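S.K.: A single structure is presented below for examination.
The values are calculated or read from the model by the stated rules, or taken from the named source; none is laboratory data. None of the values given here were measured: they were computed from a predicted structure. As a convention, Cβ positions derive from the backbone with ideal geometry for all residues, glycine included, and neighbour counts pool all protein chains shown. For the accessible areas, the whole protein counts, side chains as well, though only heavy atoms, and no ligand, DNA or RNA atoms are used. Shrake-Rupley method; radii C 1.70, N 1.55, O 1.52, S 1.80 Å.
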Amino acid sequence: MRLPPVPPGTLLALSDADAKLPAGQIPAKSELREELDRLTERIDARQRALHAEGTRALLVVLQGRDASGKDGTIRKVFGPLDPLGVTATSFKVPSEWELRHDFLWRVHAAAPPRGSIGIFNRSHYEDVLVVRVRRLASETVWRPRFEQINDFERILIENGTVILKFMLHISREEQRERLQARLEDSEKYWKFNAGDLKERDLWAEYTEAYQETLALTSTALAPWYVVPADEKRVRDVLVARTVAETLERMDPRYPGPPPELEALRKAVAK
Ligand code: ATP
């Protein structure tokens with residue numbers, strides 16, 4: 001089970017069927033749990049080295065429809081890490097002050113500092129998704145943003161940040177079940193937002209907006225991955241594997257010994 005990056009320029013179909021692995025390919029729950037534990041240990045080991053190295057960062061962008069599991073992915077994949085090396089930012093409806101700046105202003109300010117992993121729960125991609133679908137700005141405003149986003153991400157990359165972008169892809173039926181669960185479980189009432197029903201009515205419009213966004217902003221340096229997210233454990237393992245392998249490719253190194261190591265050892269021993 002490994003996620004392929006979306007090839008740049010490719011218009012995917014994003015059908016409901018793609019939100020699940022084919023029957024027969026879904027490992028047993030216990031296997032998925034053990035696999036996730038192994039992967040988060042690998043991520044943890046590399047995160048500590050990334051933090052100590054202090055020269056590069058990893059940015060993980062999570063996008064998806066309502067109830068697609070962005071919060072759950074953060075909890076399961078990044079929850080086991082040292083909180084000192086992780087920043088998670090949720091992007092909500094922009095404030096009046098934020099709207100008086102360019103759309104990337106608040107996003108750039110939340111980019112992870114060197115030595116850390118930054119997670120975006122929603123992101124600058126809302127500015128070509130909800131803004132487009134809800135007609136919060138005209139096409140002359142949102143369309144140029146695809147290029148602006150690619151330029152922005154290139155700037156981050158050229159300054160030491162590796163970027164991974166995940167679209168958590170759920171089916172319409174799975175979303176219905178999860179939204180219904182928010183009305184049945186007293187611990188989930190707070191998650192229900194009547195506005196989500198309006199978004200659900202715009203399912204096809206969001207599908208089109210996501211498809212074009214993936215085609216225009218999946219780049220060799222900042223690829224998108226479409227995660228079949230109907231089955232939560234599969235989702236977590238697929239995201240964790242991509243993150244673990246990316247960190248291993250980055251291969252962060254602990255700084256070597258200080259040149260005056262022997263003298264320092266003697267000084268400490270006094
Ligand atoms: P869940 O996915 O679990 O339902 P959520 O991510 O929707 O949670 P909320 O606080 O309910 O969390 O919603 C945040 C809202 O902010 C979303 O509806 C999102 O579309 C909106 N939003 C984020 N960024 C922008 C933006 N740049 N412009 C307009 N709306 C935005």
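S.K.: Are any residues in the range 152-194 under 28 Å from Ala109 (Cα atoms) and open to solvent by 30 Å² or more (accessible area, probe 1.4 Å), and if so, which ones?
M.R.: Going residue by residue through the range 152-194, those that are under 28 Å from Ala109 (Cα atoms) are 152-169, 191, 193.
Once the filter is applied, which keeps residues that are under 28 Å from Ala109 (Cα atoms) and open to solvent by 30 Å² or more (accessible area, probe 1.4 Å), the range 152-194 yields Arg154, Ile155, Ile157, Glu158, Asn159, Val162, Lys191, Asn193.
S.K.: State all residues of the range 11-20 that are open to solvent by less than 80 Å² (accessible area, probe 1.4 Å) and under 20 Å from the mean Cα position of the chain (by Cα); if no residue qualifies, say none.
M.R.: First, pick out the residues of the range 11-20 that are open to solvent by less than 80 Å² (accessible area, probe 1.4 Å): 12-19.
Within the range 11-20, Leu12, Leu14, Asp18, Ala19 meet the criteria.
S.K.: Any residue that is among the small types (Gly, Ala, Ser), under 30 Å from Leu50 (Cα atoms) and in contact (Cβ under 8 Å) with a residue 12 or more places away in the chain - is there at least one of those in the range 222-239?
M.R.: Restricting attention to the range 222-239, the residues satisfying the condition of being among the small types (Gly, Ala, Ser) are 222, 229.
Then drop every residue that is not under 30 Å from Leu50 (Cα atoms), which leaves 222, 229.
Adding the requirement that they be in contact (Cβ under 8 Å) with a residue 12 or more places away in the chain leaves 222, 229.
Yes, some residue in the range 222-239 is among the small types (Gly, Ala, Ser), under 30 Å from Leu50 (Cα atoms) and in contact (Cβ under 8 Å) with a residue 12 or more places away in the chain.
S.K.: Check the range 95-106 and report whether any residue there is open to solvent by less than 20 Å² (accessible area, probe 1.4 Å) and either assigned to a helix (DSSP H, G or I) or touching a Pro at 6+ places or on another chain (Cβ under 7 Å) (or both).
M.R.: Step one: of the range 95-106, the residues open to solvent by less than 20 Å² (accessible area, probe 1.4 Å) are none.
Within the range 95-106, not a single residue is open to solvent by less than 20 Å² (accessible area, probe 1.4 Å) and either assigned to a helix (DSSP H, G or I) or touching a Pro at 6+ places or on another chain (Cβ under 7 Å) (or both).
S.K.: Pull up the range 101-116, narrow it to residues that are within 13 Å of the ligand (Cβ to nearest atom) and without any contact (Cβ under 8 Å) to a residue 40 or more places away in the chain, then point me to the one that is nearest to His51 (Cα to Cα).
M.R.: This residue is Ala110.
S.K.: Among the residues in the range 59-71, are any assigned to a strand (DSSP E or B), away from the ligand (no atom under 16 Å from the Cβ) and open to solvent by less than 20 Å² (accessible area, probe 1.4 Å)? Steps first, please.
M.R.: Of the residues in the range 59-71, the ones assigned to a strand (DSSP E or B) are 59-64.
Add one more test, that the residue is away from the ligand (no atom under 16 Å from the Cβ), and what stays is 59.
From the residues that got through so far, the ones that are open to solvent by less than 20 Å² (accessible area, probe 1.4 Å) too are 59.
Yes, there is a match, as at least one residue in the range 59-71 is assigned to a strand (DSSP E or B), away from the ligand (no atom under 16 Å from the Cβ) and open to solvent by less than 20 Å² (accessible area, probe 1.4 Å).
S.K.: Quick check on my filter: what residues within the range 117-144 are surrounded by fewer than 19 Cβ atoms within 10 Å (Cβ to Cβ) and either on the phi > 0 side of the Ramachandran plot or away from the ligand (no atom under 13 Å from the Cβ) (or both)?
M.R.: Arg122, Arg135, Ser138, Glu139, Thr140, Arg143, Pro144, listed by residue number.
S.K.: Let me ask you something else. So, in the range 72-88, of the ones that are within 16 Å of the ligand (Cβ to nearest atom) and small (Gly, Ala, Ser), which residue ends up nearest to Ser15 (Cα to Cα)?
M.R.: Taking the candidates together, the pick is Gly72.
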